[in-house]
Amino acid sequence: MKDKNELLMHIYETCDMGVKSTTKLLDLLKDKDNKIKKQLEEELKEYEKYLEKSKKCLKKNKVEPEGAGIMAEMMSSMEMKMEVKKDNSDSSIAGMLTQGFTMGIINMNKKIDAYKDTCDSGVVELASDIVKFQEKEIKNLKSYL
């Protein structure tokens, strides 16, 4: 893959995993009385919006979108099931999400730094917007900790 598309693919994979993980978490909490579900629903809408934007950019660049690998999805799903089964409190879920967002911010910032000189400025801006979204989510989750 050309360097100019690496950041774009990372954006797509991040958002794809965000949509799938958030959907799975909402499903795990379906019959539970968690206040954090409203926050998760808003988070899902944002991830879907960014996923669609990244998909359009990939198609514009004639690159076939590829989500996170099946192993990554399975591992994430299993870890989430175990965490929710162990403790499904809003505080525990907020902690788990905060860790995920923190890792996502670190990884996205590394990609931005590595590819900002070879990527389209619109792609770099999209990546930066996702970082801002993730930072905002961490702030929102603090009320549940």
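The values are calculated or read from the model by the stated rules, or taken from the named source; none is laboratory data. Being a predicted model, the structure only gives us computed values, none of them experimental. Cβ: placed from backbone, ideal geometry, glycine included. Neighbour counts: every protein chain shown.
Selection of segment 10-43 for residues being over 17 Å from Ser143 (Cα atoms), acidic (Asp, Glu) and assigned to a helix (DSSP H, G or I) yields Glu13, Asp16, Asp27.
Would segment 81-101 turn up any residue that is within 29 Å of Asn61 (Cβ to Cβ) and not β-branched (Val, Ile, Thr)? Within segment 81-101, one or more residues are within 29 Å of Asn61 (Cβ to Cβ) and not β-branched (Val, Ile, Thr). The set of residues in segment 88-105 that are modelled with pLDDT under 95 and not in a helix (DSSP H, G or I) contains only Asn88. Consider segment 118-145 and keep the residues that are surrounded by fewer than 17 Cβ atoms within 10 Å (Cβ to Cβ) and charged (D, E, K, R). The one that is nearest to Lys4 (Cα to Cα) is Asp120. Looking only at residues of segment 94-117 that are exposed (fewer than 14 other Cβ atoms within 10 Å of the Cβ) and farther than 17 Å from Glu13 by Cα, we find that the one that is farthest from the chain's Cα centre (by Cα) is Asp117.
The single residue among Glu79, Glu73, Glu66 that is farther than 18 Å from His10 by Cβ and acidic (Asp, Glu) turns out to be Glu79.
Within this structure, Thr22 fails the test of being hydroxyl-bearing (Ser, Thr, Tyr), surrounded by fewer than 18 Cβ atoms within 10 Å (Cβ to Cβ) and on the phi < 0 side of the Ramachandran plot.
Within segment 47-71, take every residue that is among the acidic types (Asp, Glu) and in contact (Cβ under 8 Å) with a residue 12 or more places away in the chain and give me the one that is surrounded by the most Cβ atoms within 10 Å (Cβ to Cβ). Explain how you work it out, then say what you get.
At the first step, the residues of segment 47-71 found to be among the acidic types (Asp, Glu) are 48, 52, 64, 66.
Cutting the leftovers down to in contact (Cβ under 8 Å) with a residue 12 or more places away in the chain gives us 48, 66.
Values: Glu48: 15, Glu66: 12.
Filtering segment 47-71 for residues that are among the acidic types (Asp, Glu) and in contact (Cβ under 8 Å) with a residue 12 or more places away in the chain, the one surrounded by the most Cβ atoms within 10 Å (Cβ to Cβ) comes out as Glu48.
Could you say whether any residue in segment 106-121 is outside any loop (DSSP other than H, G, I, E, B), of a type in the set (Ser, Thr, Tyr), free of Cβ contacts under 8 Å to residues at least 40 places away in the same chain and closer than 18 Å to Thr22 by Cα?
Within segment 106-121 (the criterion being outside any loop (DSSP other than H, G, I, E, B), of a type in the set (Ser, Thr, Tyr), free of Cβ contacts under 8 Å to residues at least 40 places away in the same chain and closer than 18 Å to Thr22 by Cα), the answer is no, since none of the residues qualifies.
Glu64 - would you say it is at negative phi, within 17 Å of the chain's Cα centre (by Cα) and not aliphatic (A, V, I, L, M)? In short, no. Every test in (1) under 13 Å from the mean Cα position of the chain (by Cα); (2) surrounded by fewer than 12 Cβ atoms within 10 Å (Cβ to Cβ); (3) of a type outside the set (Gly, Ala, Ser) is passed by Met74 save one, and that test is (1).
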